[in-house]
Structures are given as C-alpha cells and as structure tokens.
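The values are calculated or read from the model by the stated rules, or taken from the named source; none is laboratory data. Quick caveat: nothing in here was measured; it's all calculated off a predicted structure. FYI the Cβ positions are ideal-geometry reconstructions off the backbone, even for glycines, and counts take in every protein chain you see. Ligands, DNA and RNA are stripped out before the accessible areas are found, and what is left, the full protein with its side chains, is counted by its heavy atoms. Shrake-Rupley method; radii C 1.70, N 1.55, O 1.52, S 1.80 Å.
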Amino acid sequence: MVYTQSEILQREVYLFERIDSPGREPMRHLRAICFLRPTKVRPPRRERRPRPRPRPARGSASPQENVEHLVQELRRPKYSVYFIYFSNVISKSDVKSLAEADEQEVVAEVQEFYGDYIAVNPHVFSLNLLGCCQGRSWDPAQLSRTTQGLTALLLSLKKCPMIRYQLSSEPAKRLAECVKQVITKEYELFDFRRTEVPPLLLILDRSDDAITPLLNQWTYQAMVHELLGINNNRIDLSRVPGISKDLREVVLSAENDEFYANNMYLNFAEIGSNIKNLMEDFQRRKPKEQQKLESIADMKAFVENYPQFKKMSGTVSKHVTVVGELSRLVGERNLLEVSEVEQELACQNDHSSALQSVRRLLQNPKVTELDAARLVMLYALHYERHSSNGLPGLLAELRNRGVSEKYRKLVSAVVEYGGKRVRGSDLFSPKDAVAITKQFFKGLKGVENVYTQHQPLLQETLDQLIKGKLKDSQYPYLGPNTLRDRPQDIIVFLIGGATYEEALTVYNLNRTNPGVRVMLGGTTIHNTRR
C-alpha cells in the first residue's frame, strides 16, 4: 500500500519473508528487520455460545501469535542480528519474554513504529475488517482490533484528540470509550505538544447512511472499486475477455502512477478524453521503428529513454485496459439507466415516479441480479414508511425474475440495518427552510450531472462540524470538556466501513476549506458487493 518491492530493493533489502513461513533457511550473513503487529495468543474466554472466528486478512500472520513466533525465532536465530519494529504499543511482559528468549544476544533494537492500519489515500485509511458487529453490538475481537488501529493512527500522526461520537449508535459510544481508555493508560505516549485548537476524533456508524455504499459510482477510483474491486491497491482483471497474461492483476497506486493520481477523482467522461491524450503523448514518444542507432550517442540516448518509455507503456496499457473494461460493463449491465434511477431514489421524493422507474428496470433483461436487488434495497430504505409502499410487489417481481434468495433476503436485512428506526439523522428530507430553499435552487440550477446528484450524509455532518454547528445533543463529547473554537484537525471514523464517494467528499472539503484538515477512516472501504 505504501512502498513497492522495487523501492525496498533499492535500499539493499534482498529477501522478503513472513515470520510464519515454515522451513526458512538460516542465513547468518544477513541482518534482519522485523516489522510486526504485537499480537499474542490470548487464553480462550469461556463463552456461552460459540462465535465465528474472524478470518485473518491476507498477508497478515495468523492472528494473536506474532510475539510467540518471534520468541521461537530468537531461540534459534537464522540471521546475524535483529532490528525489531512493532506497529503498535507492546506490553512490558511481551518485551520481557523476547529478552528471555534472546540468549544469543542477537537483538540490536526494539522499537514501536506506529503503522497498525492501512493507508489508502493521503487522507483515507482502512483497517481491512469485514463484519465488525454482530447485530447491534461489537464482535469483541474486532472492537479490540479497531481500537488498536485507531490509537496507532493517532500516535503516528501525533494527535491526542477530543472525542465525539454518534449518540444513536451503541458501537460508536463503545469504541469512543475504548480509545479514551488507551489514551489514559498510555498518557506518556500521547503527551504531544499542545495545539491552540485540539484535534477532534468523530466516530460515526455506517448504519446512519446505508444508501451511499449501494450506489453506482462515476469517478475513477470509486468506479473501479464498484465494478472491479480494489484490494490493497490490486485490481483483478483475470475475468476480462481476452486479457493478456501480464495484465491479469494490476496495481493502481497514486504514489507510483501519475495518471492515476491526476485522474482518480475525475468523472468517467473526463477519464475517457484524458486516456486519449495519454495515448497520443505515448505515440509521440515511442521510439521510431526504424530508428537508426549509428553513433554511440544515439545508443546512449535510446538506452536512457527506454526505462521511461517502458514505464509509460505499462501505464498506458494498464489504464486503457481498466477503462475499456469499465466501459464494457457499463454497456453490458445498462448502468447509465440503472444509475439514473438510483440517484432518483437517493435524492428525489417523488414516490410514484420512483416506483414506476424501478418496475421498468426490473423488466429489463440486461439488468443483473445484483443491480435489480440494489434498486429494490434503495427503494425499501427510502419509502419503507410511505402510505402506498410497493415493496411486496417489487419483491414478488424479483422472485419472478429468478433473483436468488440470497439477494432477496438482503432487502429486509438492509432495512433492519439502516432503516428509519435505526437512523439517528434524517437521511432523506431536508430539515429546515434554508435546506428546502437550497434543494429548490439546486433543482433549478440543474445538478452538475444527473449521475452525481447524491451527496453522502457525511458531507452535511462535516459541513456542520467545520462551521461549529454540529449538535452536541446528537454527537456528544466523551468526557466533560468541549471545543470552544471551530475544529481544524478532524479525524472521522466510520464503524462498518467508509466508501470512495465519501473519500471524494473529504478530498473536496479539504480543498475548499483552507486551514481545515479532515481525514477519513473506516473498518473497511465498501462497494455494493462488500
């Protein structure tokens, strides 16, 4: 996510191993740098009912045992010297067990280097956790992991924040208390230079806005995640018809890909013309087929330009493939029409028109099972209490279409998760005269684009927060102290996952509010499938 293997190679690090991979050969001529989460086996708690064990994320050692792996390693060291970095706070007793195991005195240093989270964009982070709650309460293992991730983030950014949380959410209050406990316990670590206005951590719950993760997206990064899926910057293109072997999996990272960095927040129409410009630029720079390499100087120039050419060629073929596949899916799944109706369901309040639009699309054979179910979910969330609610009829149409039970069940599940009974805020109707007037003028002006009318609830929440108008009655402070000034340094965390649409909202807020810095995190980054 933050560093490529070739960059690490340039630092003369030649071997990459996982601490839990069996049968590693001893190489006493090498020095080892260990970077690990400070996890260890906890004795099993006796519980009345079995809980499903969370699966370890790909790439992490099996959960709760890194300290033990390291103890075993130090008893029989395979390398000459060890530099140990933990990505979070490690307990004194764990350090003691490592010291006891280090009989051969191979450990040169042990440090805490706070990085116990995934950096996604410059202002977005994730913990790569799926399914953090069971019903309305935290899964204990996930609560502990989320607390660790959030406190590591605060330590790495050197922030000791005031905390506000969403009152309507029990998990938000619980997480706020757990983070506060760690800050109190590790007060020496959190003793940073005071700023005039203290930073603010705002903890929200995804269930307050279940609409945003269900919408099709039209900006590059969000659209790639929605239609192809981004996993730790990797995109799986193996299902693309006629894909070449070297493009079966590609990496999209703003750190190492200038085109992606410049285009990730632009909408699909702009991406198309930018790809065309990229292609033309590439054609111009292409070494001429019959280029005469007569002098040594010619050869030298060719060799010097070749790596840039090769890199550019990789960038071009990657983005042309990705955009081509997005374009194919949009056509095949009729997504322009689907998305227009989604936006109508999310932003307008005309029930009979919405119901007709959904019915029309359910009759269309090009609309996939997922998109059909998604439209009915959006309808159910918006109009669950409408006097002429047409949900039973829509569910019957899904059944007649042959939509699998798995998807049909999700309609009631999503209402149970994020319906009116649960929400602490008003997701659909504007509250006051000002908001209603605003909505009226917005309707007159015509939104920038019919496919991007929707604004996540987060936009309004952060807007209120930055202006100092976010109600304490709905988002109380933890503890007696409150901020007297408007916040300048804000970290928002969404329990149950954030989205790239919200990442775009935060990016725009940072751009248009000089002096305010907002960072967004979530237990995961959602698309509709997730």
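A few remarks follow.
- Measuring r between the beta carbons of Gln5 and Gln134 and using R0 = 45 Å, the FRET efficiency lands at 0.75.
- Heavy-atom accessible area for Glu17, with the other protein chains in place and a 1.4 Å probe, reaches approximately 100 Å².
- Farthest towards the positive end of the charge dipole of the chain, among the residues Asn364, Val251, Asn232, is the Cα of Asn364, using unit charges on the Cβ of Lys, Arg, Asp and Glu.
- Label-to-label distance, nm, for residues given as Phe16 and Thr184 (7 Å Cα→Cβ offset): 4.2
- Electrostatic tally near Tyr407: other residues with Cβ closer than 13 Å to its Cβ, Lys and Arg +1, Asp and Glu -1, net +3.
- Fraction of accessible area attributable to carbon and sulfur, the chain (%, probe 1.4 Å): 51
- About its Cα centre, the dipole of the stretch 220-333 is roughly 300 debye, where the only charges are +1 on Lys and Arg Cβ and -1 on Asp and Glu Cβ.
- Computed about the Cα centre, the dipole magnitude for the chain is approximately 1080 debye when only Lys and Arg (+1) and Asp and Glu (-1) carry charge, each at its Cβ.
- From phi via Karplus (6.51, -1.76, 1.60), per-residue ³J(HN,Hα) for the stretch 513-530 in Hz, x at Gly/Pro: 10, x, x, 10, 10, 10, 10, 10, x, x, 5, 7, 10, 8, 10, 4, 4, 4
- Only helices enter this figure: runs of n ≥ 4 DSSP H residues, each worth -39500 (n - 2.57), summed and divided by the residues of the chain, yield -13500 deg cm²/dmol at 222 nm to the nearest 500.
- Chain lengthening between Leu478 and Asn277 when straightened (0.36 nm per residue, less Cα-Cα): 67.2 nm
- For the stretch 200-241, the list of trypsin sites (Lys or Arg not before Pro) that fall in a loop by DSSP and count at most 15 other C-beta atoms within 10 angstrom reads Arg239.
- Model label sites at Phe428 and Asn400, defined 7 Å from Cα along the beta-carbon direction, differ in position by 2.4 nm.
- Candidates per trypsin sites (Lys or Arg not before Pro) in the stretch 376-414, loop by DSSP, up to 11 other Cβ within 10 Å: Arg385
- Shape category assigned to the chain from the gyration tensor of Cα positions, a/c cut at 1.5: oblate
- Under 5 Å between amide hydrogens, built in the peptide plane, is the criterion, and for Ile230 it picks out nothing among residues at least 5 positions away or on other chains.
- Phi-derived couplings, Karplus 6.51 cos²θ - 1.76 cosθ + 1.60 at θ = phi - 60°, listed residue by residue for the stretch 186-193: 9, 4, 5, 5, 8, 7, 9, 4 Hz, with x used for Gly and Pro.
- Summarising the label geometry, the points placed 7 Å from Cα in the beta-carbon direction at Asn231 and Leu266 lie 3.0 nm from one another.
- Shape class of the stretch 148-271 from the Cα gyration tensor (axes a ≥ b ≥ c, square roots of the eigenvalues): prolate, since a/c reaches 1.5 or more and a/b is larger than b/c.
- Think of a 1.4 Å ball rolled over the protein heavy atoms: the chain then has 56 Å² of accessible area per residue.
- For trypsin sites (Lys or Arg not before Pro), the sites in the stretch 107-195 that DSSP calls loop and that have at most 15 other Cβ atoms within 10 Å are Arg136, Lys158, Arg193, Arg194.
- Stretch gain in nm, segment Arg75-Arg359, where the contour uses 0.36 nm per residue and the Cα spacing is subtracted: 95.5 nm
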